[in-house]
Amino acid sequence: MGQLTRTRLILISAAAAAVALVIGGIALIPSSGDKKVHPVEAEAGQRLQMPLRADGNKILDARGEVVTFTGVNWFGLETNTFAPHGLWSRKLDDMLDQMVGAGFNTMRLPFSNELFDDSAKVNGVDFKLNPDLEGLTGPQIMDKVVEGATKRGMMVILDRHRPTSQGQSNLWYTDKVSEERWIGDWVKLAKQYKNNPLVVGADLHNEPHGEATWGDGSEKTDWKAAAERAGNAILKENPNWLIIVEGIETYNGNGYWWGGNLQGAAEHPVKLSDQSKLVYSAHDYSPKVWSQQWFNDPSFPDNMPALWDKQFGYLVKQNVAPVLMGEFGGRSVAEKDDQGNKDLEGIWQRSLMAYMKEHGFSYTYWSWNPNSGDTGGILNDDWNTLNEDKVALLKSYQAPLASAQD
């Protein structure tokens, strides 16, 4: 399969206003050392102990308890609003309360490297609704989102989604954002959030695809080698983080979704300075995003588990490493459409949820936002009400918050 032309549409509200920039950061829970175990109050009187680590195909806390991410993506910081979308019509705190109320224990938070440039002017925020965000930079708004999520007991995975706000990139570097800048920004974030134990990991680069290779030793295209360089640099600064490595698009001529092909990890596993920090990640989408050949198989959806096993599931089933389904989503979760015909998108979503639940995958659903053009979101288009059908499906496989709300 050749390079996909899929582009996830992001529809940006016209309500936008630029504000001044100031640099800042946040540290919630002081630590006397990188390896300190942070006890975190959990629901039902339990305690999670941070940091997290991988052991076989499981993610464990410091006490050895299994931790499963069952979360959601909230995008916008990676776009030219330089703020999560929807703050033009909602309060940040209300949005976070609703997210927790819907049962999500993790937020995957996309950003771009451009967010950290002095020229990145925040817009698309109603400061009458969010007066505490007025005058803040994009990174400071990121701090506010992270602080709000973690204070509510959610874990946060940071996702380098794009080099610039203009769009995704095939490789981890471009002519505008070098590998050195990519790694440097990650190291700064690792240091900045070191003392917040619920910021748990770095999703190094979103959806490597096109010319991206795996394990062939090419300095320019070998994503596995680049992930090792970045991951080790991050762990040197912050040894507590999980390093999340997505797949590519094509391996040995076999194509799959952008970022979803982890076949190469069998022969060429990612090797980090601390192997217990490695989590692989895949993305998977429906025929509404791209009409892949497997959706036309007469045996669909019974053909899907074997396909998922081949692309990424073998890592879990063979107890090699944990896998985070970092993105999946679609508009429909129904088994039949309004005309009574099979709804392939809904059947696919239900099948993938059942597969992940059976094998203990973590996931972060795409997306909280309703303005993802080809998937919609957990929120309806009014940015206030929930898509109850999606919420009901996701509630069939959700893990508790990392800590109780105040």
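All of the numbers you see were taken from the coordinates with simple rules; none came from a lab. The shown structure was predicted, so the numbers you read here are calculated from the model rather than taken from an experiment. Neighbour counts are summed over all protein chains in view; Cβ atoms, including those assigned to glycine, are modelled from backbone coordinates with ideal geometry.
A compact table of results
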quantity: Mean separation of Cα contacts under 8 Å (6+ apart) over length of region 49-101, as relative contact order %; calculated: 16
quantity: Dipole magnitude of region 60-395 about its Cα centre (Cβ charges: Lys, Arg +1; Asp, Glu -1), debye to nearest 20; calculated: 680
quantity: Sparse-neighbour loop sites [GluC sites (Glu not before Pro); region 159-237; at most 15 other C-beta within 10 Å; DSSP]; calculated: 211, 219
quantity: Cleavage-rule hits, GluC sites (Glu not before Pro), region 332-392, DSSP coil, Cβ neighbours within 10 Å at most 14; calculated: 335
quantity: Residues of type lysines that residue 395 reaches as a straight line, Cα spacing below 21 Å, ignoring anything fewer than 8 places off in the same chain; calculated: 58, 336, 357
quantity: Cα-based Rg / Dmax (Å) for region 192-275; calculated: 13.4, 43
quantity: Protection-proxy order for peptides 183-194, 137-148, each taking the mean of Cβ atoms within 10 Å per residue, highest first; calculated: 137-148, 183-194
quantity: Ranked 116, 127, 69, criterion: other C-beta atoms within 10 Å, fewest first; calculated: 127, 116, 69
quantity: Computed magnitude of the charge dipole of region 164-322 (debye, nearest 20; Cβ of K, R +1, Cβ of D, E -1); calculated: 540
quantity: Karplus 3J(HN,Hα) series, Hz, for region 361-375 with 6.51 cos²θ - 1.76 cosθ + 1.60 (x for Gly, Pro); calculated: 5, 8, 8, 9, 6, 9, 8, 5, 5, x, 9, 8, x, 9, 10
quantity: Selection from 156, 387, 137, by position along the positive dipole direction of region 60-395 (Cβ); calculated: 156
quantity: Ranking of 383, 368, 290 by count of other Cβ atoms within 10 Å, fewest first; calculated: 290, 383, 368
quantity: Reciprocal of mean inverse Cα separation for region 297-366 (Kirkwood radius, Å); calculated: 12.9
quantity: Neighbour-count ranking [beta-carbon atoms within 10 angstrom, fewest first] of 332, 299, 273; calculated: 299, 273, 332
quantity: Positive minus negative residues near residue 216 (Lys, Arg vs Asp, Glu; Cβ under 13 Å); calculated: -2
quantity: Kirkwood hydrodynamic radius (C-alpha pairs) into Stokes-Einstein, region 60-395, 25 °C and 0.890 mPa s, D in µm²/s; calculated: 122
quantity: Beta bridges per DSSP with both ends in region 60-395, % antiparallel, nearest 5; calculated: 20
quantity: Relative contact order %, the chain, counting alpha carbon pairs below 8 Å whose residues are six or more apart; calculated: 21
quantity: Over 28 Å between alpha carbons, listed pairs 121/224; 144/220; 277/310; calculated: 121/224; 144/220
